[in-house]
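Trainee: Take this structure, written in structure tokens, and hold onto it; I'll ask about it next.
The values are calculated or read from the model by the stated rules, or taken from the named source; none is laboratory data. These numbers were taken from a predicted model, which means no experiment stands behind them. Here the Cβ positions follow ideal geometry from the backbone for every residue, glycine too, while neighbour counts run over all protein chains shown. Remember, those area values only see protein heavy atoms, side chains included, never the ligands or the DNA or RNA. Shrake-Rupley method; radii C 1.70, N 1.55, O 1.52, S 1.80 Å.
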Amino acid sequence: MLSVVSTPIGNLGDITLRAIETLKKCDAIVCEDTRVTGNLLKQLGIGKKELISFHGYSDEGKISFILERLKRGDHLALTTDAGTPGISDPGFAIVSRAREQNISMEVVPGPSAFLAALSGSGLPINQFVYLGFLPLKKGRKTLLESFGKKERTVVFYESVHRIEKTLSELAQSLRDQPDRRIVIARELTKMHEEFIATDIRNLPDVAKKLIKKGEFVVMLGTP
Ligand code: SAM
């Protein structure tokens, strides 16, 4: 059995009862960084567990090993360093291959940064487009320009190293929509959580003044 388990994005209190139960009872945990997951287990008071590191899509040997364990009847939990497996994180390859092979599965839902950000944004969120991380080079400019025509709220992830540059590019691409709303969520669920709401007109100034620390979700409202 494979349990796909979401874990907190910064606040341990957001772990669910089912996640704790599952991490306790499984035979092993397939995770990203074994130190991060080891630390989570320690904080939850869960004793030593076998941790299997899994970092991405190309690790065919590791995927086969994990599938063999599942077929043998082991109960494995799949986690990532934070949030929901497969959401801009490893996990897809294991889940899709396990589905193909009719391995019994369950999901243990919980936090994800883009959902937390949307729910606190004040933007229309009945419908939205989630883009993960924007491409760094190929297709980036075209994508940013296409936001002008998007009729749904757009949400994407950005790293601390690129946040200022990306916000400046966004302001430039959408300069003919100066009133369009932008909300930047920083350090969600952590001590310095903040939501910065502005519009395209004021975005260059906001981008300059933004505290460049921690993790960011960027949301663009409807035109
Ligand atoms: N699987 C995760 C999820 O379900 O949200 C996403 C992992 S992705 C590798 C990491 C990115 O998610 C960060 O660069 C940031 O953009 C966003 N993120 C994760 N935690 C966050 C937080 N506490 N506050 C704001 N953004 C966060």
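Trainee: Identify all residues within the range 203-223 that are within 13 Å of the ligand (Cβ to nearest atom), under 17 Å from T153 (Cα atoms) and either β-branched (V, I, T) or touching a residue at least 60 places away in the same chain (Cβ under 8 Å) (or both); write none if there are none.
Mentor: V217, V218, M219 - these are the residues of the range 203-223 that are within 13 Å of the ligand (Cβ to nearest atom), under 17 Å from T153 (Cα atoms) and either β-branched (V, I, T) or touching a residue at least 60 places away in the same chain (Cβ under 8 Å) (or both).
Trainee: Another question about this same structure. Which members of the range 1-40 meet the condition of being within 21 Å of the chain's Cα centre (by Cα) and more than 24 Å from F92 (Cβ to Cβ)?
Mentor: Passing the criteria: N11, L12, G13, L17, I20, N39.
Trainee: Is at least one residue of the range 120-142 in contact with a helix residue (DSSP H, G or I) (Cβ under 9 Å, 6 or more places away or on another chain), open to solvent by 40 Å² or more (accessible area, probe 1.4 Å), assigned to a helix (DSSP H, G or I) and more than 14 Å from T222 (Cα to Cα)?
Mentor: Checked against the condition, which is being in contact with a helix residue (DSSP H, G or I) (Cβ under 9 Å, 6 or more places away or on another chain), open to solvent by 40 Å² or more (accessible area, probe 1.4 Å), assigned to a helix (DSSP H, G or I) and more than 14 Å from T222 (Cα to Cα), the range 120-142 yields at least one hit.
Trainee: Moving on. Within the range 143-190, which residues are among the aromatic types (F, W, Y), under 20 Å from P223 (Cβ atoms) and at pLDDT 95 or above?
Mentor: At the first step, the residues of the range 143-190 found to be among the aromatic types (F, W, Y) are 147, 156-157.
Narrowing further to those that are under 20 Å from P223 (Cβ atoms): 147, 156.
Within the range 143-190, just F156 meets the criteria.
Trainee: Suppose we filter S88, S64 for residues that are assigned to a helix (DSSP H, G or I) and either within 14 Å of the ligand (Cβ to nearest atom) or among the hydroxyl-bearing types (S, T, Y) (or both); which single one remains?
Mentor: So the residue among S88, S64 that is assigned to a helix (DSSP H, G or I) and either within 14 Å of the ligand (Cβ to nearest atom) or among the hydroxyl-bearing types (S, T, Y) (or both) is S64.
Trainee: Go through I184, I200 for me and flag whichever is closer than 13 Å to G214 by Cα, more than 9 Å from the ligand (Cβ to nearest atom) and open to solvent by less than 20 Å² (accessible area, probe 1.4 Å). Show your work before the answer.
Mentor: Numbers: I200 fails: closer than 13 Å to G214 by Cα.
The conditions single out I184.
Results for (1) outside any loop (DSSP other than H, G, I, E, B); (2) closer than 20 Å to F114 by Cβ; (3) among the acidic types (D, E), shown as yes or no for each residue.
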{"position": "V160", "(1), (2), (3)": "no, yes, no"}
{"position": "S168", "(1), (2), (3)": "yes, no, no"}
{"position": "Q172", "(1), (2), (3)": "yes, no, no"}
{"position": "D179", "(1), (2), (3)": "no, no, yes"}
{"position": "K190", "(1), (2), (3)": "no, yes, no"}
{"position": "A197", "(1), (2), (3)": "yes, yes, no"}
{"position": "P204", "(1), (2), (3)": "yes, no, no"}
{"position": "I211", "(1), (2), (3)": "no, no, no"}
{"position": "G214", "(1), (2), (3)": "no, yes, no"}
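Trainee: It is to be established whether one or more residues within the range 94-115 are more than 12 Å from S3 (Cα to Cα), without any contact (Cβ under 8 Å) to a residue 12 or more places away in the chain and within 11 Å of the ligand (Cβ to nearest atom).
Mentor: Yes, the range 94-115 contains a residue that is more than 12 Å from S3 (Cα to Cα), without any contact (Cβ under 8 Å) to a residue 12 or more places away in the chain and within 11 Å of the ligand (Cβ to nearest atom).
Trainee: Is it fair to say E169 is open to solvent by 40 Å² or more (accessible area, probe 1.4 Å), in the same structural domain as L17 (by TED's automatic domain parsing), closer than 30 Å to D81 by Cα and not β-branched (V, I, T)?
Mentor: No, not satisfied.
Trainee: If you go through the range 29-44 one residue at a time, how many are of a type in the set (S, T, N, Q) and touching a helix residue (DSSP H, G or I) at 6+ places or on another chain (Cβ under 7 Å)?
Mentor: 1
Trainee: Here's something else I'd like to know. Can you pull out every residue in the range 45-59 that is in contact with a helix residue (DSSP H, G or I) (Cβ under 9 Å, 6 or more places away or on another chain) and either in a helix (DSSP H, G or I) or under 25 Å from R99 (Cβ atoms) (or both)?
Mentor: Listed by number, the residues that qualify are K49, L51, I52, S53, F54, H55, G56, Y57, S58, D59.
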